[in-house]
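The values are calculated or read from the model by the stated rules, or taken from the named source; none is laboratory data. Quick caveat: nothing in here was measured; it's all calculated off a predicted structure. Every residue, glycine as well, gets a Cβ built from its backbone with ideal geometry; the counts of neighbours run over all protein chains shown.
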Amino acid sequence: MNDSIFWSKKFIPVYFIVGILNFLLFRFYIQTDNFSVYLLTILLIVLGIASIIYNSKNKNEKD
């Protein structure tokens, strides 16, 4: 899990971009107001934040 692509620095913007696009797609294009749409968006944003935290801690340990 330490060398996973999901924790790499290059993959961090993907979480936020997909989360925002997911929200925009379901909210404005499909026009649904299901709570599950917001859960997926929140999950992606939380994964992005967790990846930032993981990378900042990993960087401090290598220094």
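Things worth noting here:
- The criterion of being outside any helix (DSSP H, G or I) and either at pLDDT 85 or above or touching a helix residue (DSSP H, G or I) at 6+ places or on another chain (Cβ under 9 Å) (or both) does not hold for ASP3.
Matching residues to (1) at pLDDT 85 or above; (2) on the phi < 0 side of the Ramachandran plot; (3) part of a loop (DSSP other than H, G, I, E, B):
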site: PHE16; (1), (2), (3): yes, yes, no
site: GLY19; (1), (2), (3): yes, yes, no
site: ASN22; (1), (2), (3): yes, yes, no
site: ASP33; (1), (2), (3): no, yes, yes
site: VAL37; (1), (2), (3): no, yes, no
